[in-house]
1. Where the second residue is assigned to a helix (DSSP H, G or I) and charged (D, E, K, R) and the first is within 18 Å of residue 59 (Cβ to Cβ) and touching a residue at least 24 places away in the same chain (Cβ under 8 Å) and lies in the range 13-28, which pairs have Cβ atoms under 8 Å and are six or more apart or on separate chains?
2. If residue 26 meets every condition in (1) within 19 Å of the chain's Cα centre (by Cα); (2) at pLDDT 75 or above apart from one, which number is that one?
3. Just the residues that are at pLDDT below 90, of a type outside the set (A, V, I, L, M) and under 10 Å from the mean Cα position of the chain (by Cα), please, taken from the range 91-122.
Amino acid sequence: MEACRALAACTRLEEAKYYADKADALAAWAKVYQSDKAANEAKRLKLHAYRRMNELAEELHPALKGKGCGSSTRGPKSLLIEVGMSRSRASIVRKIGALKPHRFEEAVNAAKALSPETVASYNRGGSDAYAKWTLLGGPKFRLFCRKFEAKALAHEMRSHEAIMAHKVVAEIRGWLAEFEAHLP
C-alpha cells in the first residue's frame, strides 16, 4: 500500500510510468520465483499506476470536445504516446482511467489480480453481470473456438491431457446449461 500512496502523490507522468515499469519487473521476478502473492501485488500496483497516468494526462492535456475536434487534437492519449507509450497501451491506460470508482476497486480487489488488458475490457458498458461475463472470457472464448478446430485440437492432446480436458468440459457444460436455462 505504501507504493500506492507514493503513486497517488506523483505529479509527473514519468513518475507514474516508473511505477508501471517497476510493477512489470516485480511481476517478472515473481514469475521466476513462483510467488503468486508478489505477482498479484505487481498487477495491482500496475493498475494503480495506469489510473494515475490517466489522471495526470487529463490534467495536463484535457480532451477537447466539440465541432472540429478530431483525432488530431492534442489530448490525454496523445500525451501518453508522447511519453513513450504505444497507442494500444495508451488506450488501455485511458480505459482504466474511465472506469467508475467501484468498478476499479472491484478489479483491483479481485481474488486473483487482473491484468490491465482484462480490466480495460471491463468498462465496455452494460450491466455488472455482462462485465463479469466479459471477464470470464465469453467473447474471447468465442474467438478461440473460431480459430481452432475442435476435432484437430482434441486429436493433438496426449491421453493425460485429454482426461483433464474431459473433466473441465463436463464442468463447463454443466455451468453453461444452467446459465443458458436462466437467461431471459
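The values are calculated or read from the model by the stated rules, or taken from the named source; none is laboratory data. Computed from a predicted model, the values in this text were never measured in an experiment. Ideal geometry is used to build each Cβ from the backbone, glycine not excepted, and the neighbour counts take in all protein chains shown.
1. 16/52; 19/46; 19/52; 20/46
2. (2)
3. Matches in the range 91-122: 115, 116, 117, 118, 121, 122.
Rundown of residues vs (1) surrounded by 13 or more Cβ atoms within 10 Å (Cβ to Cβ); (2) modelled with pLDDT under 90; (3) in a loop (DSSP other than H, G, I, E, B), yes/no style:
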{"residue": "49", "(1), (2), (3)": "yes, no, no"}
{"residue": "55", "(1), (2), (3)": "yes, no, no"}
{"residue": "62", "(1), (2), (3)": "no, yes, yes"}
{"residue": "85", "(1), (2), (3)": "yes, no, yes"}
{"residue": "89", "(1), (2), (3)": "yes, no, no"}
